[in-house]
Each structure stands twice: as C-alpha cells, then as structure tokens.
Amino acid sequence: MSDVRQHADDIHAQFSDHIDVSVDDVEERLTTLVDEYKVPIDEARRSVTNHYLEEAGLEREDISRGGSEAANVEDVDEPEQWIDLTAKVIELWDPRSDSVAQVGLLGDPTGTIKFTKWAKSDLPALEEGGVYELRNVVTDEYQGRYSVKLNSTTVIEELDEELEVGDDTSEIEGALVDMQSGSGLIKRCPKEDCTRVLQNGRCNEHGEVEGEFDLRIKAVVDDGIDAHEVIFDKEATEDLTGLSLEEAKEMAMDALDTTIVADEIMDDIVGTYYRIEGPTFGRYVLADDVEELDGPADPEQLLIKARSM
Ligand SMILES: [Zn+2]
C-alpha cells in the first residue's frame, strides 16, 4: 500500500463513523496536496484531517483514533509509522532550534527512544519523570537511530502510574574478527557538542579545526550467528588493550604516524574471544563491560556451535 493510501486509510477510519466519506475521497485530497502543492505528507494529513473535522463539526478529541497502533519502544524499527506509546520522560534536553518545543528521552519497559515535540504543534509540556500516554506520534529514523515526533495531532494524557524503564542492553559472546577504519588514535572536533571524528584534520560540520586526540575501537564481533558492530570508547579501549591515550600519543609521535596505534591494537585483539555487554546505540553496541574469554576462539568450535543452534 502506498504511503498516501495508508494515511488516507487512517484518516478514513477516524471519520467513517461521523461522515459519509470514502477512502478514495480522502486519498484524492491528500494526493492533491502532496503532488500538486508539494505539501509534506505530515502537513497534508493534518490539513485533510482538519477539513473533515470541520465538515463533521467535531473537535480533534472527538474522533476515534485508529490511525495509530499501540506499540512498545522496541517495536520501532521503521520511519513514518503512526503509533501510540505509553512512556516515561527520562530526560529533557535543551532544544537547539526554535522550531523544537521539547526534546529528550522516553522510556518504557522495552527500551528508550528520543522524542521531539515541535513548537508549532502547541502541545502541553512534558515533565521529567512523568508517565504519559502519547497517541498519534510519528516514528523517524536518522543514521540508523529511531526517534518519535510529537505533532499537532498527538494527544497527550498524563498517567498517574509508575512505569519501569528497561534499557536495551546487549550481551555478545564471540570472536573479535575485524577492526574497522576510524579505530585507534583518532582526532575529534573540539567544538562544543560536536565530537565528530576528523578526516584529514577536517570536521564535516566545522571544517579545518585543531582536533583533540581520543582512543576508540570499532570492531566486529562474530558470535557464530551474527556479526555485531561494537564500539569501545577511550576507557574501554584502554582496558581492553592496556594502552593508555598518553602511551598511544607517544607511540604515534615516535613513529611520526598515528596508524601505528591501530596496527598495534589490531594485532592484540583480532582473533580473541570476548564477552561484551553494553547498551545498543543504533546498530552499534557500546562496550561497557568486557571480559576476555579463554584463549583465541577455535573457529572450528564456533562453527559447530553455530550449526547446532
Ligand atoms: Zn565539528
């Protein structure tokens, strides 16, 4: 089903009890806005919904939902889905744009997810620690990370109950089979909140900058079934390799080459068997707790284990 058709279906479901309108009528209105007037689908949906609200003489609260489905945080794996979430506001962050009224982190027993509430949506303020039923929020995706957006059709209801928040911790046990580029001694952009890794002394956002050294490993760990991408931050890298940032800098200075650090680390860890625990961040697992397991993994054993599962 096309995107527009899906939205038409949702809107139709909301009004079918109130007015005599067909899905085709709704779709035609949406299509006109989207195709002829180049209105973004979110806005088109709002506009068409408003049209039918007026025609039916209803307020927004009066229409049944049915456009969105109840979901858990862990279910969010596709952008542009309309869902209902029951979630707790774990943290509020400072919005960096005037178009955003509130931004922060929501959580439910299955995990956590970023939310954005648009300023123009004119919704009541969410409070840190509050538990809410959020109906009609839209999922979004950016670089493999999902978020939800609260828009002007969103209905917010504060609930008088506690909600346990789960984290998305993963545990992987397997052989570290590869180290990716961007590992070892790297330089990050020093501009506030940026921390992007520099490529040839340049930040994608801020251009040429005086970078700050950091240690990091991006590794692939194979548990015999799947390959997982794991990131080790400075502390985890120092723990894993026994090499401190200072020592890494000295090593690079002596060799007049930063890549020597990555080479050294790679020799040390590739082929070793680890148990790694940590939160998932998009497609990455952030190594929080790392345990080296006995000896290098026997590939033969791994294969047998994989086949038996
Ligand atoms: Zn930067």
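Brief remarks on what is shown
- The set of residues from the range 129-140 being under 22 Å from Glu59 (Cα atoms) and either open to solvent by 40 Å² or more (accessible area, probe 1.4 Å) or touching a Ser or Thr at 6+ places or on another chain (Cβ under 7 Å) (or both) comprises Glu133, Leu134, Arg135, Asn136, Val137.
- Of the residues making up the range 3-31, just one is closer than 15 Å to Trp82 by Cβ and without any contact (Cβ under 8 Å) to a residue 12 or more places away in the chain, namely Gln6.
- In the range 192-202, the residues that are open to solvent by less than 100 Å² (accessible area, probe 1.4 Å) and over 19 Å from Ile231 (Cβ atoms): Gly201
- Leading residue by the ranking (most open to solvent (accessible area, probe 1.4 Å)) among those in the range 203-221 that are assigned to a strand (DSSP E or B) and within 12 Å of the ligand (Cβ to nearest atom): Glu208
- Pick from the range 141-191, criterion at pLDDT below 85 and β-branched (Val, Ile, Thr), ranking: surrounded by the most Cβ atoms within 10 Å (Cβ to Cβ): Thr153
- Pair list, Cβ under 6 Å, 6 or more apart: the range 141-170 residue free of Cβ contacts under 8 Å to residues at least 12 places away in the same chain, other residue loosely packed, with under 13 Cβ neighbours inside 10 Å: none
- Test: residue in the range 96-109 that is small (Gly, Ala, Ser), crowded, with 20+ Cβ neighbours inside 10 Å and in contact with a helix residue (DSSP H, G or I) (Cβ under 8 Å, 6 or more places away or on another chain): yes
- Here the condition is being surrounded by 15 or more Cβ atoms within 10 Å (Cβ to Cβ) and assigned to a strand (DSSP E or B); of Val261, Val230, it holds for Val230 alone.
- Every listed requirement among (1) over 34 Å from the mean Cα position of the chain (by Cα); (2) open to solvent by 40 Å² or more (accessible area, probe 1.4 Å) is met by Ala56 save one, (2).
- Of note, Leu176 satisfies the criterion of being away from the ligand (no atom under 14 Å from the Cβ), assigned by the TED database to the domain that holds Tyr274, under 19 Å from Asp288 (Cβ atoms) and part of a strand (DSSP E or B).
- The listed residue being of a type in the set (Lys, Arg) and under 25 Å from Trp93 (Cα atoms), out of Lys249, Lys191, Lys218: Lys191
- Qualifying residue in the range 73-92 (condition: in contact (Cβ under 8 Å) with a residue 12 or more places away in the chain, outside the structural domain of Leu286 (by the TED database), touching a helix residue (DSSP H, G or I) at 6+ places or on another chain (Cβ under 6 Å) and open to solvent by 40 Å² or more (accessible area, probe 1.4 Å)): no
- Whichever residue in the range 32-47 is free of Cβ contacts under 8 Å to residues at least 60 places away in the same chain and surrounded by 16 or more Cβ atoms within 10 Å (Cβ to Cβ) and, among such residues, is nearest to Glu69 (Cα to Cα): Ile41
- Residue in the range 184-193 that is under 20 Å from Thr280 (Cα atoms), in contact (Cβ under 8 Å) with a residue 40 or more places away in the chain and more than 16 Å from the ligand (Cβ to nearest atom) present: no
- Residue selected from the range 110-128 under the condition at negative phi and touching a residue at least 40 places away in the same chain (Cβ under 8 Å), by the criterion surrounded by the fewest Cβ atoms within 10 Å (Cβ to Cβ): Thr110
The values are calculated or read from the model by the stated rules, or taken from the named source; none is laboratory data. Every value quoted in this text rests on a predicted model; they were computed, and no experiment measured them. Ideal geometry is used to build each Cβ from the backbone, glycine not excepted, and the neighbour counts take in all protein chains shown. Just the protein is used for accessible areas: all its heavy atoms, side chains included, with ligands, DNA and RNA removed. Shrake-Rupley method; radii C 1.70, N 1.55, O 1.52, S 1.80 Å.
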